[in-house]
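Novice: I have a structure I would like to understand better, so I am pasting it below and will then ask my questions one at a time.
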Amino acid sequence: MASTVTEAAKARRARRDNAMREAGKSATRAGMPGGDLVHASETLERAVGHLLGLQSEAGWWKGELETNVTMDAEDLLLREFLGIRDPQDTASKAAWIREHQREDGTWANFFGGPADLSTTTEAYLALRLAGDQPSAEHMAKAAEFILARGGVEATRVFTRLWLALFGWWSWDDLPIMPPELMLLPPSVPLSIYDFGCWARQTVVALTIVGSYRPVHSAPFSIDEIRSGKHPELPRSGLSDWKQRFVLLDKVLKVYDRVVGSRLLRATVREHALRRAEQWLVQRQEADGGWGGIQPPWVYSLVALHERGYPLDHPVMASALRGLESFTVTREDGVRWLEACQSPVWDTALAVVALRDAGLAGDDERLLRAGRWLLGQEVRRRGDWAVRRPRVPAGGWAFEFANDNYPDLDDTAEVVMALRRLDPPEASMRAEIDAAVGRAIAWSQGMASRDGAWGAFDADNLRQLLYELPFCDFGAVIDPPSADVTAHVIEMLAGEPASDPDSMARGIAWLRRAQESDGSWFGRWGVNYLYGIGAALPALAAAGVSPSDTAMRAAVEFLVQHQNEDGGWGEDVRSYDDPSMRGVGASTASQTAWALLALVAGGEASSPAARRGVAYLAQSQRPDGTWDEPYYTGTGFPGDFYINYHLYRLIFPVAALGRWCEAVAAEESAPGEEAS
């Protein structure tokens, strides 16, 4: 096994360097900002060195996932509710929350974003728990904003749910999600399996919480942030589904009072509660959490607490320990909570990127990552099997421990990473072949009826759920998306044993999903740049020509949306504002997505691609990575965003590696091998 550069790699690098010099000369002659292009190979070397330095001894990579301060605020509220809030922990997390307050006293959901009422309200409550007084300047500013936006009365349902837990809001004024939902068969509309997996886990927990309607004695009054004006509720009636669901909510509240009788509680309601409780306990992951994400984790703790689970019960104790593993502690003692963690995703992307950068497939560092990934394969049947009972298990999840919810995106990337390895041991090669075979069978079986792929479930399409009064925040279903579908297509294209019809149907769907301006909507990354960055490499891998009309339209979108500095960027507000498609300050990750697309579209030598490479070279930090305060990852389009701290490094490594390889091939002397 060689962890050093092979002779073939040295020759390839020499061709690259020569091509880079020629590219730099031609760019300079053309009057472009191409002086730094000659340093592109050095840029790549520094980035590779930094990325390799972040690998764990076990073989995995994991970057921080930065979100907004509601994670930390709700953690403190949870601990107050359970009676376990620690003063030192409170102080350290309050410091993090204060650190993210803006000059106007507000908090946003993403860097540079607009002030958000619910986020500001939850942050304000957390700081009150930490002892900050309403008379303090920073608190007074926050309260002024909250009142100007309608007070706590105008916050979203999930914020008002936290208020109800402390008696600051009436449970009567919250929408009902009865536990009897657990009794509906999966085939019936509005069953829990109509919800996306992340929403499903949250809803099940909240059916228990809403049934018990617990109130922890409020530690203080919040009258200073009340407007006194209850929000106007949609009119109930039968003219549309939103009105019908408002009427249904009123009926359910009457039903809820009726089942409060001892007889019915001992029969229908108790049966439903017991089933919800068992459902939650059965789906607790090895790390103590639920789905590896914050919302169902905290609500499940509250729900099981109401079901009588003491804090030292193994389920509760494991859950609380698990939250600690999601806590980041800075050298100065400031602490904050990650909404989720992404080691499988980060490791697969890192392996692909490092192979693109020229590391050998038998490099021990990559093999170590491959062995770790093989150990993370999910072989158990999860909720996905409810809609796909005959599909065999096989795939990968996002987290360290998330065996109930493998997903198509991670599975595709892991397969592509494993296929880039060249282990000398026959046993590891056989293990890879077997795992990949299972993943291909599972992935093809998880295609939706239209031929495309969602992230976690197949045919999870019940748009009607968005009309429920309860669902006023975040995505609640998991329909097929262009980015996930593209990644699966790219995976299938590299597997001779895959079903060509499955790939063809996916490609047809991807063509239909292309926007009129040539872009694709990015469900799990921001946004149209992410969609294009996934779609074009997939189409190229599947053999679609760079001259294809879909490819040309996407390339034209990128050319038209390149920034003056040579990079690309897109603000998360493009999810809500069509005029912001492809518009935003340049970032390393989004520039890399554009470059990956341009290389796949046969445009490696284009002025746009050269300027993009120059941007990455010029903006790189001395330590080999890039600064990127902007959020380029997506949790819920329009509501919740993520700054994946490794995106700024992994994707530029992949893009620069592929660009260098493509330019080297184009600049090779006639008759010389380009690879």
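Novice: Test R523 against the criterion of being in contact with a strand residue (DSSP E or B) (Cβ under 9 Å, 6 or more places away or on another chain) and either more than 28 Å from V583 (Cβ to Cβ) or not small (G, A, S) (or both), and give yes or no.
Specialist: Details: in contact with a strand residue (DSSP E or B) (Cβ under 9 Å, 6 or more places away or on another chain): yes; either more than 28 Å from V583 (Cβ to Cβ) or not small (G, A, S) (or both): yes.
Against the criterion (in contact with a strand residue (DSSP E or B) (Cβ under 9 Å, 6 or more places away or on another chain) and either more than 28 Å from V583 (Cβ to Cβ) or not small (G, A, S) (or both)), R523 qualifies.
Novice: Give segment 383-405 a look and list any residue that's free of Cβ contacts under 8 Å to residues at least 60 places away in the same chain and over 20 Å from S325 (Cβ atoms), or say none.
Specialist: A385, P389, R390, V391, P392, A393, G394, G395
Novice: Still on this structure: If P479 satisfies every condition in (1) in contact (Cβ under 8 Å) with a residue 24 or more places away in the chain; (2) over 25 Å from G633 (Cβ atoms) but one, which is the exception?
Specialist: Of (1) in contact (Cβ under 8 Å) with a residue 24 or more places away in the chain; (2) over 25 Å from G633 (Cβ atoms), only one is false for P479: (2).
Novice: Next up: Under the condition of being charged (D, E, K, R) and more than 14 Å from K93 (Cβ to Cβ), which residue from segment 303-340 is nearest to the chain's Cα centre (by Cα)?
Specialist: R321
Novice: Something else: Here's a check for you: in segment 313-341, which residue that is out of contact with any Gly (no Cβ under 7 Å at 6 or more places or on another chain) and of a type in the set (S, T, Y) is nearest to G289 (Cα to Cα)?
Specialist: S325
Novice: Next question, about the same structure. Could you please find all residues in segment 508-530 being surrounded by fewer than 24 Cβ atoms within 10 Å (Cβ to Cβ) and assigned to a loop (DSSP other than H, G, I, E, B)?
Specialist: Q514, E515, S516, D517, G518, F521, W524
Novice: Here's a follow-up. What number of residues in segment 139-187 are surrounded by 20 or more Cβ atoms within 10 Å (Cβ to Cβ), of a type in the set (V, I, T) and assigned to a helix (DSSP H, G or I)?
Specialist: Here the count works out to 3.
Novice: Yes or no: segment 650-667 includes at least one residue that is farther than 27 Å from A542 by Cβ, modelled with pLDDT of 95 or more and touching a Leu at 6+ places or on another chain (Cβ under 9 Å).
Specialist: no
Novice: Just wondering, is there one or more residues in segment 43-51 that are buried (at least 17 other Cβ atoms within 10 Å of the Cβ) and farther than 30 Å from Q376 by Cβ?
Specialist: Yes; the residues of segment 43-51 include at least one that is buried (at least 17 other Cβ atoms within 10 Å of the Cβ) and farther than 30 Å from Q376 by Cβ.
Novice: Filter segment 623-639 for residues that are assigned to a strand (DSSP E or B) and touching a strand residue (DSSP E or B) at 6+ places or on another chain (Cβ under 8 Å); which is nearest to N563 (Cα to Cα)?
Specialist: Of everything passing the filter in segment 623-639, G633 is nearest to N563 (Cα to Cα).
Novice: Could I ask something else about it? Within segment 533-564, can you find the residues that are in contact (Cβ under 8 Å) with a residue 60 or more places away in the chain and of a type outside the set (A, V, I, L, M)?
Specialist: G533, P537
Novice: Checking the condition among the acidic types (D, E), surrounded by 15 or more Cβ atoms within 10 Å (Cβ to Cβ) and modelled with pLDDT of 95 or more, which residue from D72, D104, D36 passes?
Specialist: Result of the check over D72, D104, D36: D72.
Novice: Out of everything in segment 360-384 that is over 24 Å from the mean Cα position of the chain (by Cα) and part of a helix (DSSP H, G or I), what residue ends up being surrounded by the most Cβ atoms within 10 Å (Cβ to Cβ)?
Specialist: L366
Novice: Next question, about the same structure. Would you point out which residue out of V351, V302 is in contact (Cβ under 8 Å) with a residue 40 or more places away in the chain, under 28 Å from S443 (Cα atoms) and either part of a helix (DSSP H, G or I) or assigned by TED's automatic domain parsing to the domain that holds V414 (or both)? Can you show your working first?
Specialist: On the way: V302 fails: under 28 Å from S443 (Cα atoms).
On inspection, the qualifying residue turns out to be V351.
Novice: Those residues that are more than 22 Å from R156 (Cβ to Cβ), over 26 Å from the mean Cα position of the chain (by Cα) and not hydrophobic (A, V, I, L, M, F, W, C), I need them from segment 93-130; list them, please.
Specialist: Result: E103, single match.
Novice: Then there's this: State all residues of segment 456-492 that are crowded, with 24+ Cβ neighbours inside 10 Å and among the small types (G, A, S); if no residue qualifies, say none.
Specialist: S481, A482, A486, listed by residue number.
Novice: Of (1) farther than 18 Å from H487 by Cβ; (2) buried (at least 22 other Cβ atoms within 10 Å of the Cβ); (3) among the charged types (D, E, K, R), R387 satisfies all except one. Which?
Specialist: The number of the failed condition is (2).
Novice: OK, next. Among the residues of segment 48-66, which ones are in contact with an Asp or Glu (Cβ under 8 Å, 6 or more places away or on another chain) and of a type in the set (G, A, S)?
Specialist: The one that is in contact with an Asp or Glu (Cβ under 8 Å, 6 or more places away or on another chain) and of a type in the set (G, A, S): G63.
One line per residue, one yes/no per condition, for (1) crowded, with 21+ Cβ neighbours inside 10 Å; (2) without any contact (Cβ under 8 Å) to a residue 24 or more places away in the chain; (3) in a helix (DSSP H, G or I):
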| position | (1), (2), (3) |
| --- | --- |
| V583 | no, yes, no |
| S589 | yes, no, yes |
| W593 | yes, no, yes |
| Y615 | yes, no, yes |
| Q618 | no, no, yes |
| R621 | no, yes, no |
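Novice: If a residue has to be touching a strand residue (DSSP E or B) at 6+ places or on another chain (Cβ under 9 Å), closer than 30 Å to W659 by Cα and not aromatic (F, W, Y) to count, how many in segment 343-394 make the cut?
Specialist: 4
Novice: Separate question: Looking at segment 602-642, which of its residues are touching a Pro at 6+ places or on another chain (Cβ under 9 Å) and either farther than 17 Å from W568 by Cβ or of a type in the set (D, E) (or both)?
Specialist: Within segment 602-642, G602, E603, T625 meet the criteria.
Novice: What's the number of the only condition in (1) modelled with pLDDT of 95 or more; (2) under 30 Å from F640 (Cα atoms) that L337 fails to meet?
Specialist: Result: L337 passes all but (1).
Novice: Here is a follow-up. Tally up the residues in segment 533-558 that are among the polar types (S, T, N, Q) and part of a helix (DSSP H, G or I), please.
Specialist: 1
The values are calculated or read from the model by the stated rules, or taken from the named source; none is laboratory data. Just so it is clear, the model here is predicted, and its values are computed rather than measured. Positions of Cβ are backbone-derived with ideal geometry, glycine not excepted, and every protein chain shown enters the neighbour counts.
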